[in-house]
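Q: Could you have a look at this structure, given as structure tokens, before my questions?
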Amino acid sequence: MAIPTGIPNVQPQRRTRKRTKLLAAALGIWTIAVCLRLIQLQIIEAGRLRARVIDQNQATIDIPAERGAIFDRNGDILAQNVPTLTVYYRPIRTETFEARMRTVLELRPVLNLGPADMERIESAVRENKAVVTLKRKIDVGRADEIKGLGLKNVFAARESSRVYPQGLLAPQILGGVKADGVGAAGVESKFDTLLSGVKGTQLALADGRRREYHLEVLSEPRDGGDIILTIDKTIQYFAQSALERAALEHGSSWGAAIVSRPETGEILALASWPGYDPNAFSESADAAKPNRAIQHVFDPGSTFKIVTAAAALENRGASLTDVYDCSAGSIASAGTPIRDHKNFGILSFPDVFVHSSNVGTIMIGRRLGPEPMYRAIRAFGFGERTGIELPGESPGIVHPVNEWTRRSIDSISIGYEISVTPLQILQAANIVANRGFRVPPRIVKSLSGRTLGPDLPSVPAAVLTAGTVDHLVEILERVVSDGTGQAAALHGYDIAGKTGTTQILDPVTRAFSMEKHLATFVGFVPAREPVLSMIVVLDAPRSDEYYGGQVAAPVFREIALRTLRYLGIPPRPAPVRGIIAANVIGGQKP
């Protein structure tokens with residue numbers, strides 16, 4: 001049967017339409033999948049992927065600022081930065097962990113990488129860090145050697161390392177810096193922000209294989225400011241060396257010595273023994289790092305009798321003509337005897353302090369009374385920080401009167417039941433040296449070129465009247481010429497000072513030890529026109545000689561003599577008899 005012509009064949013058309021629909025559906029599904037993927041990439045995971053691309057192709061590297069230098073009062077460098085290299089490694093992501101570590105191993109002998117370095121680097125490589133710090137503080141002379149290895153994914157940045165050219169000098173003043181260059185103690189810590197400056201940043205761009213092709217500085221570093229201290233490195237050496245010799249000779253566990261200029265409060269030397277090398281701060285023993293001159297507190301003992309004498313004279317609780325019967329050699333205090341180191345008999349007010357009689361001082365303290373004594377203690381600055389520009393200063397311990405016991409006035413009068421720092425005792429002596437005015441101690445002369453002076457903080461506070469000062473100076477002169485401080489005497493120089501010998505409290509028995517003592521001497525020279533003041537403290541001398549006059553006074557004498565000569569301060573001229581000058585050592589009459 002013939003097929004009619006003119007009638008379309010619908011079968012192929014149906015197949016075509018079906019294929020078209022399938023193709024359209026597939027295209028639609030593909031389009032939806034592409035859109036979903038684009039949404040995932042550009043919206044959902046955009047942040048992560050952008051960070052990954054940036055991590056693969058660019059890195060921001062800090063540009064350290066140059067740390068400011070520290071100078072002594074004469075411009076000699078105490079701390080400075082020297083140029084060094086920091087070596088970085090940028091691992092190639094396509095390489096295996098083993099391949100990356102082979103690169104590190106090539107550098108190991110050149111950079112002197114130790115076990116701790118390798119452990120740190122291996123951990124960073126495993127974490128896929130974009131940039132791994134291999135070694136800091138490499139000598140700049142190693143640059144050519146590193147470059148000669150031909151490692152394109154290793155680069156070095158020029159930095160600085162902290163150096164203390166004076167070595168062991170003034171470690172507790174300067175402090176030290178940590179491995180990252182941050183101040184860890186002393187002036188380095190106190191003024192870390194000033195010294196550090198502000199670091200800069202640079203952008204490093206690399207291709208897909210981590211080959212660096214562009215370096216761009218985003219912000220320039222701003223170098224830190226310089227600091228000039230009041231200390232003199234030569235006087236600091238005098239103090240440190242004399243203190244160390246005495247500490248070793250007497251077997252002391254620690255010692256401190258401070259030299260100051262009373263009129264301005266400037267600290268010319270501040271020594272604490274044992275010491276350490278600030279160039280190796282991290283490796284130094286922790287026991288050597290405390291600045292005991294301002295941080296260690298102790299019962300001041302007889303050096304505190306300066307305050308008792310001043311308070312009694314200032315409050316008219318005593319006069320120079322008063323006498324005290326000390327012949328018993330002891331005095332009962334709340335049922336417990338307090339003794340003198342020897343029997344003195346009848347002593348005048350000045351002689352009580354010249355010979356450092358505990359019995360006579362307690363009688364004077366009782367007559368004075370708690371309230372006037374407490375006011376004098378606070379006026380002298382005890383119980384509060386002096387404000388010296390060093391971290392960690394202790395305020396000491398001063399109990400309010402309402403916490404005193406029946407024994408307190410006796411104990412405090414002779415320097416017990418009160419805790420002070422060596423610097424606080426020196427400040428008390430400086431008040432007498434400064435004609436009754438309290439000038440705060442300071443150790444910073446200038447910051448970033450801005451000179452600091454004694455007139456900047458405030459007007460010095462008046463603590464004592466001129467009449468009281470005159471009497472105290474005369475008494476303190478006699479301590480050195482006739483009393484317990486004769487070992488501090490210098491031919492040709494009038495010295496005013498006070499000895500102290502304190503029994504140390506046993507931490508186990510909570511009783512004062514009969515074997516362990518703290519030896520102290522504080523004073524100033526010349527007595528009538530002071531140029532120098534000084535305190536020397538030695539802990540627990542292990543010898544038959546343990547009194548302040550035997551142990552600390554000779555150290556005062558040595559430091560004072562060398563410093564006076566160094567400063568060009570001549571001894572007083574010998575007296576003239578007729579037309580012939582008497583050639584007598586120290587100008588003393590025969």
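Q: Among the candidates Gly197, Gly181, Gly167, single out the residue that is within 23 Å of Val154 (Cβ to Cβ) and at pLDDT 80 or above.
A: Result: Gly181 is the single residue among Gly197, Gly181, Gly167 that is within 23 Å of Val154 (Cβ to Cβ) and at pLDDT 80 or above.
Q: Name the single residue that is surrounded by the most Cβ atoms within 10 Å (Cβ to Cβ) among those in region 485-503 being of a type in the set (Val, Ile, Thr) and modelled with pLDDT of 95 or more.
A: We begin by selecting, within region 485-503, every residue of a type in the set (Val, Ile, Thr); these are 495, 499, 501-502.
If we keep only those that are modelled with pLDDT of 95 or more too, we end up with 495, 499.
On the way: Ile495: 25, Thr499: 30.
It comes out as Thr499.
Q: Would you please name the residue that is surrounded by the fewest Cβ atoms within 10 Å (Cβ to Cβ), looking only at residues in region 275-295 that are farther than 20 Å from Ser241 by Cβ and at pLDDT 95 or above?
A: Filtering region 275-295 for residues that are farther than 20 Å from Ser241 by Cβ and at pLDDT 95 or above, the one surrounded by the fewest Cβ atoms within 10 Å (Cβ to Cβ) comes out as Gln295.
Listed here are the residues, each with its yes/no results for (1) assigned by TED's automatic domain parsing to the domain that holds Ala239; (2) buried (at least 24 other Cβ atoms within 10 Å of the Cβ); (3) touching a strand residue (DSSP E or B) at 6+ places or on another chain (Cβ under 8 Å); (4) at pLDDT below 80.
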position: Val508; (1), (2), (3), (4): yes, no, no, yes
position: Ala511; (1), (2), (3), (4): yes, no, yes, yes
position: Thr520; (1), (2), (3), (4): yes, yes, yes, no
position: Ala527; (1), (2), (3), (4): yes, no, yes, no
position: Tyr546; (1), (2), (3), (4): yes, no, yes, no
position: Arg565; (1), (2), (3), (4): yes, no, no, no
position: Pro573; (1), (2), (3), (4): yes, no, yes, yes
position: Pro590; (1), (2), (3), (4): no, no, no, yes
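Q: Mind checking which residues of region 325-350 are without any contact (Cβ under 8 Å) to a residue 24 or more places away in the chain and surrounded by 14 or more Cβ atoms within 10 Å (Cβ to Cβ)? Can you show your working first?
A: Initially, region 325-350 is screened for residues without any contact (Cβ under 8 Å) to a residue 24 or more places away in the chain, giving 325, 327, 332, 335, 337, 339-340, 342-346.
Selection gives Asp340, Phe344.
Q: Residue check, Ser446 against (1) of a type in the set (Ser, Thr, Tyr); (2) crowded, with 21+ Cβ neighbours inside 10 Å; (3) not in a loop (DSSP other than H, G, I, E, B), all met but one. Which one?
A: (2)
Q: Let me ask something else. Select from region 352-382 the residues that are of a type outside the set (A, V, I, L, M, F, W, C) and either closer than 19 Å to Gly436 by Cα or not assigned by TED's automatic domain parsing to the domain that holds Ala328 (or both) and write down the one among them that is surrounded by the most Cβ atoms within 10 Å (Cβ to Cβ). Show your work before the answer.
A: Pass one, region 352-382, residues of a type outside the set (A, V, I, L, M, F, W, C): 355-358, 360-361, 365-367, 369-372, 374-375, 378, 381.
Imposing the further condition that a residue be either closer than 19 Å to Gly436 by Cα or not assigned by TED's automatic domain parsing to the domain that holds Ala328 (or both) reduces the set to 372, 374-375, 378, 381.
Details: Pro372: 17, Tyr374: 22, Arg375: 14, Arg378: 13, Gly381: 24.
Among those that are of a type outside the set (A, V, I, L, M, F, W, C) and either closer than 19 Å to Gly436 by Cα or not assigned by TED's automatic domain parsing to the domain that holds Ala328 (or both), it is Gly381.
Q: Taking Pro83 as the residue in question, decide whether it is at pLDDT 75 or above, closer than 30 Å to Ser160 by Cβ and either surrounded by fewer than 15 Cβ atoms within 10 Å (Cβ to Cβ) or small (Gly, Ala, Ser) (or both). If you could, list the steps in order and put the result at the bottom.
A: Details: at pLDDT 75 or above: yes; closer than 30 Å to Ser160 by Cβ: yes; either surrounded by fewer than 15 Cβ atoms within 10 Å (Cβ to Cβ) or small (Gly, Ala, Ser) (or both): yes.
Answer is yes for this residue.
Q: Across region 236-274, what is the number of residues that are surrounded by 21 or more Cβ atoms within 10 Å (Cβ to Cβ), of a type in the set (Gly, Ala, Ser) and part of a loop (DSSP other than H, G, I, E, B)?
A: 2
Q: Output the residue which, of all residues in region 172-202 that are assigned to a loop (DSSP other than H, G, I, E, B) and of a type outside the set (Asp, Glu), is surrounded by the fewest Cβ atoms within 10 Å (Cβ to Cβ). Break it down into steps so the answer makes sense when it comes.
A: In the first step, residues of region 172-202 are kept if they are assigned to a loop (DSSP other than H, G, I, E, B); the result is 175, 178-182, 191, 197, 199.
Those still in the list that are of a type outside the set (Asp, Glu) too: 175, 178-179, 181-182, 191, 197, 199.
Working: Gly175: 27, Lys178: 14, Ala179: 10, Gly181: 22, Val182: 13, Phe191: 22, Gly197: 17, Lys199: 14.
Once the filter is applied, the top-ranked residue is Ala179.
Q: So Ala376 fits all but one of (1) outside any helix (DSSP H, G or I); (2) within 36 Å of the chain's Cα centre (by Cα); what number is the exception?
A: (1)
Q: I've got another one for you. Count, please, the residues in region 401-443 that happen to be among the acidic types (Asp, Glu) and buried (at least 17 other Cβ atoms within 10 Å of the Cβ). Outline the logic, then answer.
A: First pass over region 401-443, keeping only residues among the acidic types (Asp, Glu): 403, 410, 417.
This time we only want the ones that are buried (at least 17 other Cβ atoms within 10 Å of the Cβ), so: 410, 417.
So the answer is 2.
Q: Kindly provide the set of residues from region 530-544 that are on the phi < 0 side of the Ramachandran plot and either modelled with pLDDT of 95 or more or touching a Lys or Arg at 6+ places or on another chain (Cβ under 7 Å) (or both), ordered by number.
A: Result: Pro530, Val531, Leu532, Ser533, Met534, Ile535, Val536, Val537, Leu538.
Q: Shifting gears a bit: Determine if region 159-171 includes at least one residue that is of a type in the set (D, E, K, R), buried (at least 18 other Cβ atoms within 10 Å of the Cβ) and either assigned to a loop (DSSP other than H, G, I, E, B) or touching a residue at least 60 places away in the same chain (Cβ under 8 Å) (or both). It would help to see each step written out before you state the result.
A: Of all residues in region 159-171, those of a type in the set (D, E, K, R) come to 159, 162.
This time we only want the ones that are buried (at least 18 other Cβ atoms within 10 Å of the Cβ), so: 159, 162.
Cutting the leftovers down to either assigned to a loop (DSSP other than H, G, I, E, B) or touching a residue at least 60 places away in the same chain (Cβ under 8 Å) (or both) gives us 159, 162.
Within region 159-171, one or more residues are of a type in the set (D, E, K, R), buried (at least 18 other Cβ atoms within 10 Å of the Cβ) and either assigned to a loop (DSSP other than H, G, I, E, B) or touching a residue at least 60 places away in the same chain (Cβ under 8 Å) (or both).
Q: Something else now. In this structure, is Val354 within 31 Å of the chain's Cα centre (by Cα) and modelled with pLDDT of 95 or more?
A: Details: within 31 Å of the chain's Cα centre (by Cα): no; modelled with pLDDT of 95 or more: yes.
In short, no.
Q: Turning to a different aspect of this structure: So is Ala59 closer than 30 Å to Leu168 by Cα, touching a Lys or Arg at 6+ places or on another chain (Cβ under 9 Å), modelled with pLDDT under 85 and surrounded by 15 or more Cβ atoms within 10 Å (Cβ to Cβ) or not? Walk me through it before giving the result.
A: Working: closer than 30 Å to Leu168 by Cα: no; touching a Lys or Arg at 6+ places or on another chain (Cβ under 9 Å): yes; modelled with pLDDT under 85: yes; surrounded by 15 or more Cβ atoms within 10 Å (Cβ to Cβ): yes.
Against the criterion (closer than 30 Å to Leu168 by Cα, touching a Lys or Arg at 6+ places or on another chain (Cβ under 9 Å), modelled with pLDDT under 85 and surrounded by 15 or more Cβ atoms within 10 Å (Cβ to Cβ)), Ala59 does not qualify.
Q: Please go through (1) more than 30 Å from Lys445 (Cβ to Cβ); (2) in the same structural domain as Thr133 (by TED's automatic domain parsing); (3) of a type outside the set (Phe, Trp, Tyr); (4) at pLDDT 80 or above for Thr94 and return the number of the only condition it doesn't satisfy.
A: (4)
Q: Could you check how many residues of region 320-334 are of a type outside the set (Ser, Thr, Tyr), out of contact with any Leu (no Cβ under 7 Å at 6 or more places or on another chain), within 13 Å of Val359 (Cβ to Cβ) and not in a strand (DSSP E or B)?
A: Going through region 320-334 one residue at a time, the tally reaches 2.
Q: Still on this structure, I have one more. Can you tell me which residues in region 94-140 are of a type in the set (S, T, N, Q) and either in contact with a helix residue (DSSP H, G or I) (Cβ under 9 Å, 6 or more places away or on another chain) or surrounded by 14 or more Cβ atoms within 10 Å (Cβ to Cβ) (or both)? So that I can check it myself, show each step before the final result.
A: Within region 94-140, the first condition is being of a type in the set (S, T, N, Q), and the residues that meet it are 94, 96, 103, 112, 123, 128, 133.
Listed by number, the residues that qualify are Thr103, Asn128, Thr133.
Q: When both residues are 6+ apart or on different chains and their Cβ atoms are under 6 Å apart, which pairs have a first residue that lies in region 267-295 and is in the same structural domain as Ala79 (by TED's automatic domain parsing), and a second that is part of a loop (DSSP other than H, G, I, E, B)?
A: none
Q: Further question: Of all the residues that make up region 379-415, how many are small (Gly, Ala, Ser) and assigned to a helix (DSSP H, G or I)? I'd like the intermediate steps shown before the answer.
A: Filtering region 379-415 for residues small (Gly, Ala, Ser) gives 379, 381, 383, 387, 392, 394, 396, 408, 411, 413, 415.
Of the ones still in play, those that are also assigned to a helix (DSSP H, G or I) are 379, 408, 411, 413.
Residues flagged as small (Gly, Ala, Ser) and assigned to a helix (DSSP H, G or I) within region 379-415 amount to 4.
Q: Looking at (1) surrounded by fewer than 15 Cβ atoms within 10 Å (Cβ to Cβ); (2) in a helix (DSSP H, G or I), which is the only condition Phe304 fails?
A: All conditions are met except number (1).
The values are calculated or read from the model by the stated rules, or taken from the named source; none is laboratory data. Please read all numbers here as calculations on a predicted model, not as lab measurements. Methodologically, a virtual Cβ is constructed for each residue, glycine included, from the backbone with ideal geometry; neighbour enumeration extends over all protein chains shown.
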